[in-house]
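S.K.: Structure in C-alpha cells, see below.
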Amino acid sequence: MSLSPITDLSKLCIHTITTKPWAIEESAKNFAAAGVKGITVWRDALAGRNIKNTGAMLRDHDLSIVSLCRGGFFPSVDPAKRQAALDDNRKAIEEAYALGTKLIVLVCGADPGQPLEDSRQQIQDGIESLLPEASAAGVQLAIEPLHPMYADTRSAINTLGQANDMCEAINSPWVGVAVDVYHLWWDPNLEQEIKRCGENNHLLAFHICDWKSPTVDLLNDRGLMGEGCIPLKKIRSWVEATGFDGFREVEIFSTEYWQQDQSQFLQKIITGYKQHS
C-alpha cells in the first residue's frame, strides 16, 4: 500500500496529557488556533468542571472529541478493589456520555500478587460486566495492550494478539482495541495482528509517539515523532490498509517536554506529525 504524505492536520488528535501543563480550556484554544482537529481527554483534565459544558466548549472550538482516557484497572486479589474498579469504569462511561465522545480507552490493569492468567480473566469479566452500560450510552471500550514492562501492575494485556483474542472472546460491537505504537512497535506479529483487527472491525484508535534511544524513563520519556526508532510510517501503512480512517492521536508522556514552553512544543508536535508519521 502506498502511503500518502501528511499535508494537513485534519486527522491530527492530541491527548490532553501530552500538553499536561495546560488546562483543558488552554489546550482547546491553542489546538484549534494551530489547526488541530481532534482532542482526546484525560479524566484528570475534567476535575472540578461541568463535563457536559466542557464537551460543548471543545466542540465550539471545532474539535472532535476522539476518546476519553482512561478506564480499566480491573484485576485485583481483593474483591472489594475489583468492585471499586467496576464502579469507576461505570462512572467513566457516564463521563464519556456527558462529554460527548463515543470511545473510552482501557488501560486494563494487573495485580502482581496473582498469575497473569488470573488478571486476564478478571479483565475479560470486568469488560463483559460493563457492556449493558456501554451499549446504553453508545460508548465503545478500546482495550489498549501495553508494553510487557508494564505487566506487573498496569496491564496483563501486552500484545495486540492478546487484545484481539479477548475481543473475539467477548464478541461485542462495543469492544475493540487501541493500537499504540509505543507499546507495540517491537512485536514481530504486529502487521498480521493489525490486519486481524481490520478483518474483525476491532481497530478503534491509533496512538503515535516515538521511542527514544536511549530512553531515560520508561514512563515519562516518550519522544516526538521522528526522535526515536519506531517505524511510524510502516505501522501507519498497516493501520490504513485495514481501512481505518480515524484520527492519529499524539500521546506523549514526557517530563522533558512538560517543562518546556507548551506553545513551542505544540509546533514541534505538528512538525513531527507531518514529517515523520
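S.K.: Would it be correct to say that residue 27 is in a loop (DSSP other than H, G, I, E, B), within 30 Å of residue 268 (Cα to Cα), of a type in the set (S, T, N, Q) and free of Cβ contacts under 8 Å to residues at least 24 places away in the same chain?
M.R.: No; evaluated as a whole, the condition is false for this residue.
S.K.: Check off (1) within 29 Å of residue 23 (Cβ to Cβ); (2) touching a Gly at 6+ places or on another chain (Cβ under 9 Å); (3) not in a loop (DSSP other than H, G, I, E, B) for residue 123 and give me the number that stays unchecked.
M.R.: Going through (1) within 29 Å of residue 23 (Cβ to Cβ); (2) touching a Gly at 6+ places or on another chain (Cβ under 9 Å); (3) not in a loop (DSSP other than H, G, I, E, B) one by one, residue 123 breaks only (1).
S.K.: Determine whether region 168-175 contains at least one residue that is of a type outside the set (A, V, I, L, M, F, W, C), under 14 Å from the mean Cα position of the chain (by Cα) and within 18 Å of residue 141 (Cα to Cα).
M.R.: no
S.K.: Can you name the number of the only condition in (1) more than 20 Å from residue 67 (Cβ to Cβ); (2) within 16 Å of the chain's Cα centre (by Cα) that residue 238 fails?
M.R.: That leaves (2) as the condition not met.
S.K.: Could you tell me whether residue 56 is hydrophobic (A, V, I, L, M, F, W, C), part of a helix (DSSP H, G or I) and crowded, with 21+ Cβ neighbours inside 10 Å?
M.R.: So residue 56 does not fit the description; no.
S.K.: If you don't mind, another one. Hey, residue 226 hits all of (1) surrounded by fewer than 15 Cβ atoms within 10 Å (Cβ to Cβ); (2) not in a helix (DSSP H, G or I) but one; which does it fall short on?
M.R.: Only one criterion in (1) surrounded by fewer than 15 Cβ atoms within 10 Å (Cβ to Cβ); (2) not in a helix (DSSP H, G or I) is unmet by residue 226, namely (1).
S.K.: Only residues that are touching a helix residue (DSSP H, G or I) at 6+ places or on another chain (Cβ under 8 Å) and among the aliphatic types (A, V, I, L, M): list them for region 132-162, please.
M.R.: Hits for region 132-162 are 134, 137, 139, 141, 143, 146, 151, 156, 157, 160.
Read-outs: derived from the displayed coordinates by stated rules, not from any lab. From a predicted model like this one, the values you see are computed outputs, not experimental measurements. With ideal geometry, Cβ positions are generated from the backbone for all residues, glycine too; neighbour counts draw on all protein chains shown.
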